[in-house]
Amino acid sequence: MKNQELRLQKSISKLYQVFSPYNIQGSLRERSCDCCVTDKEIKMLLSKPLNSIRVEEINYYMTSAITTFGDVNDYKHFLPRLLELIANSNVLFEFITFEKLNYVNWKSWREEEISAIKDFFKEFLISKLRSEITKLPELQDIITICSRYIGITNVLKRWEDYLSDDFLKFIVDLKLDANQLYLEENDLLVFNKWLAQNLIMKKLEELYLRTKDKVEATRISITYTILNHERI
């Protein structure tokens, strides 16, 4: 685990390095909506070093950046800290909801900027998959957000390496309950095809054989049957 933590921290350090040329130039007040952004909110963002800004001090900026709060260069300045906070705190929901990176067409940025962002999300995903404290609702958000930045195929490749019993039960919940992944249509097709592959079927079969709870075993069996039918 320590090696993975180091890899994640290295990807965050790379973000700070790559985006270091983007400083706040001129008046951020002039690039922000007078009605939506207060002087206090601006001052709070600019009053301390970037890597010291707390979640509550940057959360409003995360949801308002570019549209009413600063411009793209300002966003690039704050981006390393935003992503660092995503890795170390519970601010995924806001990031998914407002999706500023896709809003500003980040894939048109400089190659090293694109690479640094993709590398961060890859290491972030692996760290969450390897963590014993990652909760299943959080996993839904993580899969959703990482699929948008490193692609669903890359997400699934890495998930295959960490198919714990809890994560397999998450698959059961997805098939039998109201839970769902908020994926693009093509990504959802790829995901459903991945679910029905031999590896997943084998893992579910093994989970069924070692599950003592009869209700849970039945749910696994039903999921297996559904996936097997979808393969035909």
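All of the numbers you see were taken from the coordinates with simple rules; none came from a lab. Keep in mind that what you see is a predicted model, and the values were worked out from it rather than measured. A quick note on method: Cβ atoms are made from the backbone with ideal geometry, for glycine too, and the neighbour counts reach across all protein chains shown.
For each of 131, 147, 64, count neighbouring Cβ atoms within 10 Å of the residue's Cβ, then give the residues from fewest to most.
In order of increasing Cβ crowding within 10 Å: 131, 64, 147.
With the chain treated as a Gaussian network of Cα nodes joined by springs under 10 Å, which of 13, 164, 27 yields the largest mean-square fluctuation?
Largest GNM mean-square fluctuation: 27.
Test of the criteria: in the stretch 1-105, which GluC sites (Glu not before Pro) are in a DSSP loop and have at most 15 other Cβ atoms within 10 angstrom of their Cβ?
Values: sites: 5, 30, 41, 56, 57, 84, 94, 99; in loops: 99.
Taking the stretch 1-105 and a limit of 15 other Cβ atoms within 10 Å, the loop GluC sites (Glu not before Pro) found are 99.
Direction-averaged shadow area of the convex hull around the Cα atoms of the stretch 1-131, nm²? It would help to have the intermediate numbers written out before the result.
Details: hull surface 31.4 nm².
Computed as one quarter of the Cα hull surface, the answer is 7.9 nm².
Rounded to the nearest 500, what is the 222 nm mean residue ellipticity of the chain from helices alone, with -39500 (n - 2.57) per DSSP H run of 4+ residues and division by all residues?
On the way: 13 runs with 161 residues, N = 232.
Calculated from helices alone, the mean residue ellipticity at 222 nm is -21500 deg cm²/dmol.
Considering Cα pairs under 8 angstrom that are at least six residues apart, work out the relative contact order of the stretch 1-131 and quote it in whole percent.
Details: 98 pairs, mean separation 54.5, N = 131.
Reported as a whole number, the value is 42 percent.
Run the simple label-point estimate for residue 68 and residue 206 please: 7 Å along Cα→C-beta, distance reported in nm.
Result: 5.1 nm between the two label points.
Near residue 203, which aspartates and glutamates are there with a Cα under 18 Å away, not counting those fewer than 8 places off in the same chain?
List returned: 160, 161, 165, 166, 173, 213, 216, 230.
In the structure shown, do any of 76/135; 10/128; 107/135 have a Cα-Cα gap over 27 Å, and if so which? Mind showing how you got there, number by number?
Numbers: 76/135 30 Å; 10/128 16 Å; 107/135 30 Å.
Checking Cα-Cα distances, 76/135; 107/135 exceed 27 Å.
Quick one: among 203, 40, 193, which has the greatest mean-square fluctuation in a GNM of the chain with alpha-carbon springs under 10 angstrom?
40
Rounded to two decimals, what is the ratio between the C-alpha radius of gyration of the stretch 107-213 and 2.2 N^0.38 Å? Numbers along the way, then the final one.
Working: Rg = 14.7 Å, N = 107, 2.2 N^0.38 = 13.0 Å.
This ratio for the stretch 107-213 stands at 1.13.
Tell me, what is the percent relative contact order of the chain, built from C-alpha pairs under 8 Å that lie six or more residues apart?
On the way: 182 pairs, mean separation 42.5, N = 232.
Across the chain, relative contact order equals 18 percent.
Could you check the simple spin-label distance between residue 39 and residue 13, using points 7 Å along Cα→Cβ, in nm with one decimal?
4.1 nm
Can you tell me the mean projection area, over all orientations, of the convex hull of the stretch 154-232's alpha carbons? Units nm², please.
Computing the convex hull of the Cα atoms and averaging its projections yields 5.3 nm².
Per residue, how big is the convex hull of the chain when only Cα atoms are used? Give it in Å³. Spell out each step's value before the answer.
On the way: hull volume 32.6 nm³, N = 232.
For the chain, the hull spanned by Cα atoms encloses 141 Å³ per residue.
Placing +1 at every Lys and Arg Cβ and -1 at every Asp and Glu Cβ, with all other atoms neutral, what dipole size does the stretch 154-232 have around its Cα centre, in debye to the nearest 20?
Values: 12 positive and 14 negative charges, 62 e Å.
I would put it at about 300 debye.
Quickly work out the residue 110-to-residue 88 label distance, labels modelled 7 Å from Cα along the C-beta direction, and quote it in nm with one decimal.
Result: 2.5 nm between the two label points.
What full-extension length gain, to one decimal in nm, is calculated for residue 216 and residue 20 as 0.36 nm per residue of separation minus the Cα-Cα distance? Before the final figure, lay out the partial values.
Values: separation 196, 0.36 × 196 = 70.56 nm, distance 5.06 nm.
Extending this stretch completely gives an extra 65.5 nm.
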